[in-house]
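Below: the structure, in structure tokens.
Quick note: the coordinates plus some simple rules give every number you see, no bench work behind them. Worth saying up front: this structure is predicted, and the values here are computed from it rather than measured. Ideal geometry is used to build each Cβ from the backbone, glycine not excepted, and the neighbour counts take in all protein chains shown.
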Amino acid sequence: MTLLLLFALCLGAASALENGLARTPPMGWMSWTAFYCEMDCARHPHACINEQLYLDMADRLVNDGYMAVGYKNIHIDDCWMEMERDSRGVLVANRTRFPSGMNGNIQA
């Protein structure tokens, strides 16, 4: 009973900063929802995590009107990197599926 009363008292006591951030939820497109970790571009050329997929989705956000209503982000989730890190221990983009590297995609 005490736990239930404590819970009821806390319901109205949510606190938040009034700093203008997160007035809407993050709005964008994330590959994981549709493509998971598909990396076999030979077998699944239209459903493969690769550079062209992200460029196409960025174009769709603009051309289909999503950007005009607040969708501004492209989330590069998983499966974009090589299986091994570089000599410095840094993750690098898969050279076959992302020939322009991550910098090339960001600037496109």
In the range 95-108, which residues are out of contact with any helix residue (DSSP H, G or I) (no Cβ under 9 Å at 6 or more places or on another chain) and part of a loop (DSSP other than H, G, I, E, B)? THR96
Any chance the range 59-66 includes a residue that's free of Cβ contacts under 8 Å to residues at least 40 places away in the same chain, under 19 Å from ASN103 (Cβ atoms) and surrounded by 16 or more Cβ atoms within 10 Å (Cβ to Cβ)? no
TYR66: out of contact with any helix residue (DSSP H, G or I) (no Cβ under 7 Å at 6 or more places or on another chain), within 28 Å of LEU91 (Cβ to Cβ) and among the aromatic types (Phe, Trp, Tyr), yes or no? no
